[in-house]
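Visitor: Take a look at this one; I'll ask things after.
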Amino acid sequence: MPVTWLVFIVLALALAGFVAGRVRIDSAAGAGRPHSLPNYYGWNIAIKVMVPAFLVLICWLIVQPFVVNGAVTARLGDNAVPDGSTIGLVMSDVRRVAEGLDAAVSQGLMGADQASDLRTEFTNVRDRLAEAGVALGSNVTPQVLGAAQTWRALNANGMLLMSVAVTALALAGLVWGYVQTTPDFRARNTVENALRIMLLAAASLAILTTIGIVFSLIGNTIKFFSLYPASEFFGSFTWSPSFGGGSELGIWPLLWGTLYISVIALTVAVPIGLFAAVYLSEYAGPRMRAWAKPMLEVLAGIPTIVYGLFALLTVGPLLLSVFGRDGLGWMQAGTAVMTAGLVMGIMLIPFVSSLSDDIINAVPQSLRDGSYGLGATKSETIKQVILPAALPGIVGAILLAASRAIGETMIVVLGAGAAARLSLNPFDAMTTVTAKIVSQLTGDADFASPEALVAFALGMTLFVMTLGLNVFALYIVRKYREQYE
Amino acid sequence: MYDAPLRKTDVEAQTTKIAARDVQVYYGDTHAIKDVSVDLLDKTVTSFIGPSGCGKSTFLRCLNRMNDTIDICRVEGLISLDGQDIYEKRVDPVQLRAKVGMVFQKPNPFPKSIYDNVAYGPKIHGMARNKAELDEIVEKALRRGAIWDEVKDRLDAPGTGLSGGQQQRLCIARAVATEPEVLLMDEPCSALDPIATAQVEELIDELREQYSVVIVTHSMQQAARVSQKTAFFHLGNLVEYGETSQIFTNPTDPRTESYITGRIG
C-alpha cells in the first residue's frame, strides 16, 4: 500500500525535522539564549512537515476517484452503454473489472504488463478474474475492459503524482522550518498558534458534519414531498404504507406514539431520578455515595437493545398478567405503550439523576449554611433553597432526557409493537417515528418510492423537534441561571 | 480606616446568656478548640479576635450547633443557653438555630426575591398567621437591618441583584426576622468596602439593644469600635476575655499584647 508508505515517509521526515531543529538550535546557542525551548523549534519543523503534507494527502484521496471516474466516463462515450442499461451500471462494471485486475496482479496470477495488455479477443477475462476470487456477472466487453485498463492507468498515475507531491511538500516544510530555526525565531508562539488552528479545525469539523447531516436529510425530504403532498403528510391521521402504491402516510399516529411513550418515560424517570439525585447529594454519606453513584451510572451503560429485551421478556408479560385478559382486561398483548414507556423511564433514570446530582452539588454550601442557620430542616432547605437554585439546570437535564426519549428506537421496536394508531389507552400497542424510520428503510422497497423516502421526512421532523427542545433547554438554563461566585 | 476613640462602655451587671465550660472541639484527629470556658452576656456585643486558624469561627459555630453539619466534627464539654444544655439529646438543633441566628462571612442571599429572603425564616417557623402579619414582620426586619429605605420599592427584585453591602444587610435582616435571642456574626464585614462596613457596624450597635451579639472579626479596630467584651483566641485556646477597653489598653497576657500590637498573627 503506497499510501501507508507515504504516511510513514512523512512521519519519518517529521521526526527527522524535529531532531534537526533541536540539534540546530542547540548548536546555535553560542549566539545568545534562543527565544524558545529547543523542543518548540523541533515541533515547529515537525508541524510544517506534517500538516500540509497530510492535508494534501487527504484531499487528494478524496478528489482523485471523482476525477478518474469523470475521465473514464467521458472516454467511454454513449455507444458503450447497451440498451436498457445506464452509464452508472456500466461504470460499476468497469470498476469491478479494474479491481479484479488489481487483485489478480497482487496475487501474482498476472504480470502488471499482462494486465494492461489483456484483450477480450484472446483471453476469457471473466474466467481469469474468477481465479483471483473476483466474480463478474457477465462476460467482459472490449469497451469495458479498455475502460478498466484506462482506469487503472489513471489511478496509478494519480497515486504516483500524489506520492511525489506529498513527499515534496513534506521536504519543503522541512527546509522551511529548518531555515527558520534561528535563536531569534519565536518558535513557541508559532507552535501555540498552530495548535490553536488545529483545535479550531477539529471543532469546525464537528459542526460541519452536523450541517452535512442536515443537508443530506433535506435533499431526500424535498424529493419525498415532490412525490407525496406535504398537506397529506402533516394533515392525515392514518398511517398505512402499502408498497403497491396508494399508501397513506400521515405523521400524526407516529408523533402521538412518540409523545405518549416519552411522557410515560419522563413520568417515571423525572421523579425517581430527581429523588435519587437529592438523596445522593444531600443525604448519602461519602461511603454510600462512592458506592451508589457508580451503580446508578451502570444503568446508563446498558445498551438499549438489552432494555428492549427486558421490556419484551419481563415487563410486557408482567403487565399483561395484571392488565391483560386474566386481570383487568385492558391489555391485548405484552407490547404496549406502557411497557416501552416504563422501560424507557428506567433507562433515563441515571441520565436525570447523574446530571441533577452534579447540578445540586454546584449549589454553594453558603446557601445551605444560610438556611440551616435560620433554623430550617434539611428537607425545607432542599425544597425551598437548593432545588429553586438548581432548577434551571434540572430543567435542562429533563429536557435533554426528553430528547433522548424522543429519539429512542430499540426499546420501542421490541416493547411497543409496530401498529401505528391513535389511541388514548396506554395498554395499546403503538409505534413511534424512529421505529417507523427503521421499518420503512429496511424493507425491499424501491428507494425512490415515497414509502421509503418518507423515512427522511420523518427523520427531518424528529431532528427539528429535538433541536427545538435543545434550544428551549438552553434558553431556560441561560435565562434562570443564578450567577454564583 | 479611621481610628474611632474607644467607646465608653457601660456594661452593667448583666445576665449570662450563653455559658461554655471546658469545650473541646475535634476535627477528625485535630484538636481545634481546647478547654474554652466563657460567659457571654445578654444585650452585649462580644467580639472574638485572634489570628487565622485560632478556632474563633469554630467556637462560634458550636454556639448554634452549625458544626453538626460537618461529619468529622466532634464537640465535648458543656454549652448552655439560658441554663439549658444545647448539646443535650432532647434539644432540637433546628429549634436552637431559630433562637441563635447566624450571619456569615460572605453575603449569601437565597436566589429568591428580597421579600422571600426575609420571609423565609418566619414562614418556616409559622410566625405569621396571614399575609398582613408576614408583611409586617418583613418590614420590621428590613427596617432593623437598616435597608428598608433602599429596597421598599423593589421587594420583588431578586436578593442576589443587590450590592455586596446591601446583600449583607439583607442577610442580617433575614436573621433578625426569626426573632433570635442571640446573633452570631462570622466576619460579617470581611467582604465589604469601608462604607458598607460602617453601615453594618452601626447596625450591630443598634442590635445590641435587643440581642446578645457575638462577632468574629479580623479587624481589631472593628472589635474596639463595636464590642463591649472581647475574647482573644490563640491556637485553639481562649487566652484572654474581658472588657474591650481593658483588652486593648491593658492586656494581662503577653500573647494578647503581642497580637494587638501586631507582633504575632
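The values are calculated or read from the model by the stated rules, or taken from the named source; none is laboratory data. For clarity, every value in this text was computed on a predicted model and none was experimentally measured. Cβ atoms come from the backbone with ideal geometry, glycine included; neighbour counts cover every protein chain shown. Accessible surface areas use protein heavy atoms only, side chains included; no ligands, DNA or RNA. Shrake-Rupley method; radii C 1.70, N 1.55, O 1.52, S 1.80 Å.
Visitor: If I go through segment A:283-306 residue by residue, how many of them are in a helix (DSSP H, G or I), touching a helix residue (DSSP H, G or I) at 6+ places or on another chain (Cβ under 9 Å) and not aliphatic (A, V, I, L, M)?
Guide: Here the count works out to 6.
Visitor: Anything in segment A:222-260 that is open to solvent by 60 Å² or more (accessible area, probe 1.4 Å), under 29 Å from the mean Cα position of the chain (by Cα) and farther than 21 Å from A:MET410 by Cα? List them, or say none.
Guide: Selection gives A:ILE222, A:LYS223, A:PHE225, A:SER226, A:LEU227, A:PHE234.
Visitor: Would you check which residues across segment A:7-37 are part of a helix (DSSP H, G or I) and among the polar types (S, T, N, Q) and list them?
Guide: Within segment A:7-37, the subset part of a helix (DSSP H, G or I) is A:7-31.
If the condition is that a residue be part of a helix (DSSP H, G or I) and among the polar types (S, T, N, Q), then A:SER27 is the only one that fits.
Visitor: Could you check segment B:101-131 and list, in sequence order, the residues that are facing chain A (nearest Cβ under 8 Å), assigned to a loop (DSSP other than H, G, I, E, B) and surrounded by fewer than 20 Cβ atoms within 10 Å (Cβ to Cβ)?
Guide: B:LYS106, B:LYS112, B:HIS125 - these are the residues of segment B:101-131 that are facing chain A (nearest Cβ under 8 Å), assigned to a loop (DSSP other than H, G, I, E, B) and surrounded by fewer than 20 Cβ atoms within 10 Å (Cβ to Cβ).
Visitor: Between residues in segment A:370-392 that are more than 7 Å from chain B (Cβ to nearest Cβ) and residues that are surrounded by fewer than 19 Cβ atoms within 10 Å (Cβ to Cβ), which pairs lie under 7 Å by C-beta distance while being six or more apart or on different chains?
Guide: Every condition considered, the pairs that remain are A:LYS378/A:GLU282; A:ILE382/A:GLU282; A:LEU391/A:TYR480; A:PRO392/A:ILE476; A:PRO392/A:VAL477; A:PRO392/A:TYR480; A:PRO392/A:ARG481.
Visitor: Would you mind finding the one in A:SER281, A:SER321 that is surrounded by 15 or more Cβ atoms within 10 Å (Cβ to Cβ) and of a type outside the set (A, V, I, L, M, F, W, C)? Reasoning before the result, please.
Guide: Values: A:SER321 fails: surrounded by 15 or more Cβ atoms within 10 Å (Cβ to Cβ).
Exactly one residue qualifies, and that residue is A:SER281.
Visitor: Let me ask you something else. Against the definition (at pLDDT 90 or above and aliphatic (A, V, I, L, M)), how does B:VAL118 come out, yes or no? First the steps, then the outcome.
Guide: Details: at pLDDT 90 or above: yes; aliphatic (A, V, I, L, M): yes.
The answer is yes for B:VAL118.
One line per residue, one yes/no per condition, for (1) touching a Lys or Arg at 6+ places or on another chain (Cβ under 8 Å); (2) not polar (S, T, N, Q):
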{"position": "B:SER219", "(1), (2)": "no, no"}
{"position": "B:PHE232", "(1), (2)": "yes, yes"}
{"position": "B:TYR241", "(1), (2)": "yes, yes"}
{"position": "B:GLN246", "(1), (2)": "no, no"}
{"position": "B:PRO251", "(1), (2)": "no, yes"}
{"position": "B:PRO254", "(1), (2)": "no, yes"}
{"position": "B:GLY262", "(1), (2)": "no, yes"}
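Visitor: Exactly one condition in (1) open to solvent by 20 Å² or more (accessible area, probe 1.4 Å); (2) outside any helix (DSSP H, G or I); (3) out of contact with any strand residue (DSSP E or B) (no Cβ under 9 Å at 6 or more places or on another chain) is not met by B:ASP135; state its number.
Guide: Going through (1) open to solvent by 20 Å² or more (accessible area, probe 1.4 Å); (2) outside any helix (DSSP H, G or I); (3) out of contact with any strand residue (DSSP E or B) (no Cβ under 9 Å at 6 or more places or on another chain) one by one, B:ASP135 breaks only (2).
Visitor: With the condition kept exactly as written, say whether any residue in segment A:186-205 is open to solvent by less than 40 Å² (accessible area, probe 1.4 Å) and either modelled with pLDDT under 90 or within 14 Å of chain B (Cβ to nearest Cβ) (or both).
Guide: So the first thing to find is which residues in segment A:186-205 are open to solvent by less than 40 Å² (accessible area, probe 1.4 Å), and the list is A:187, A:191, A:194.
Now drop any that are not either modelled with pLDDT under 90 or within 14 Å of chain B (Cβ to nearest Cβ) (or both), which leaves A:187.
Yes, that holds for at least one residue.
Visitor: Also: Of all residues being assigned to a helix (DSSP H, G or I) and open to solvent by 40 Å² or more (accessible area, probe 1.4 Å) in segment B:139-165, which is nearest to the other protein chains (Cβ to nearest Cβ)? Just the residue, please. Walk me through how you get there before you give the answer.
Guide: Initially, segment B:139-165 is screened for residues assigned to a helix (DSSP H, G or I), giving B:139-144, B:148-151, B:159-161, B:164-165.
Going one step further and asking which of them are open to solvent by 40 Å² or more (accessible area, probe 1.4 Å), we end up with B:139-140, B:143-144, B:149-150, B:160-161.
Values: B:GLU139: 18, B:LYS140: 16, B:ARG143: 19, B:ARG144: 15, B:ASP149: 24, B:GLU150: 20, B:THR160: 6, B:GLY161: 10 Å.
Here the answer is B:THR160.
Visitor: Do we find a residue being surrounded by 15 or more Cβ atoms within 10 Å (Cβ to Cβ), among the charged types (D, E, K, R) and over 15 Å from the mean Cα position of the chain (by Cα) anywhere in segment B:58-80?
Guide: Checking segment B:58-80: at least one residue is surrounded by 15 or more Cβ atoms within 10 Å (Cβ to Cβ), among the charged types (D, E, K, R) and over 15 Å from the mean Cα position of the chain (by Cα).
Visitor: So, one more: Taking B:PRO51 as meeting all but one of (1) within 30 Å of B:GLU201 (Cβ to Cβ); (2) touching a helix residue (DSSP H, G or I) at 6+ places or on another chain (Cβ under 6 Å), write down the number of the exception.
Guide: Among (1) within 30 Å of B:GLU201 (Cβ to Cβ); (2) touching a helix residue (DSSP H, G or I) at 6+ places or on another chain (Cβ under 6 Å), the lone unmet condition for B:PRO51 is (2).
Visitor: Any idea which residue in segment B:166-208 is most open to solvent (accessible area, probe 1.4 Å), counting only those that are of a type in the set (A, V, I, L, M) and in a loop (DSSP other than H, G, I, E, B)? So that I can check it myself, show each step before the final result.
Guide: Just the residues of segment B:166-208 that are of a type in the set (A, V, I, L, M), to begin with: B:170, B:172-173, B:175-177, B:182-185, B:191-192, B:195-196, B:198, B:200, B:203-204, B:207.
Now restrict to residues that are in a loop (DSSP other than H, G, I, E, B): B:191-192.
Values: B:ALA191: 58, B:LEU192: 25 Å².
It comes out as B:ALA191.
Every residue, every condition in (1) part of a helix (DSSP H, G or I); (2) of a type outside the set (A, V, I, L, M), yes or no:
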site	(1), (2)
A:ALA170	yes, no
A:VAL179	yes, no
A:PHE185	no, yes
A:GLU192	yes, yes
A:ILE197	yes, no
A:GLY212	yes, yes
A:PHE234	yes, yes
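Visitor: On the basis of being open to solvent by less than 50 Å² (accessible area, probe 1.4 Å), in a helix (DSSP H, G or I) and among the hydroxyl-bearing types (Ser, Thr, Tyr), does A:THR339 make the cut?
Guide: Values: open to solvent by less than 50 Å² (accessible area, probe 1.4 Å): yes; in a helix (DSSP H, G or I): yes; among the hydroxyl-bearing types (Ser, Thr, Tyr): yes.
So A:THR339 fits the description; yes.
Visitor: Just one of the numbered conditions (1) over 13 Å from the mean Cα position of the chain (by Cα); (2) more than 9 Å from chain A (Cβ to nearest Cβ); (3) open to solvent by less than 10 Å² (accessible area, probe 1.4 Å); (4) at negative phi is not true of B:PHE48; which one?
Guide: In the conditions (1) over 13 Å from the mean Cα position of the chain (by Cα); (2) more than 9 Å from chain A (Cβ to nearest Cβ); (3) open to solvent by less than 10 Å² (accessible area, probe 1.4 Å); (4) at negative phi, B:PHE48 misses (1) alone.
Visitor: Take the residues of segment A:427-472 that are more than 21 Å from the chain's Cα centre (by Cα), among the small types (Gly, Ala, Ser) and surrounded by fewer than 21 Cβ atoms within 10 Å (Cβ to Cβ): which is modelled with the highest pLDDT?
Guide: A:ALA452
Visitor: Further question: When segment B:52-71 is examined, which residues are found to be assigned to a helix (DSSP H, G or I) and more than 12 Å from B:VAL94 (Cα to Cα)?
Guide: Selection gives B:LYS56, B:SER57, B:THR58, B:PHE59, B:LEU60, B:ARG61, B:CYS62, B:ASN67.
Visitor: Which count do you get for residues in segment A:342-387 that are within 25 Å of B:ASP92 (Cβ to Cβ) and part of a helix (DSSP H, G or I)?
Guide: Matching residues across segment A:342-387 total 19.
Visitor: Still on this model: Of (1) at pLDDT 90 or above; (2) over 16 Å from the mean Cα position of the chain (by Cα); (3) within 23 Å of B:TYR115 (Cα to Cα), B:TYR241 satisfies all except one. Which?
Guide: (3)
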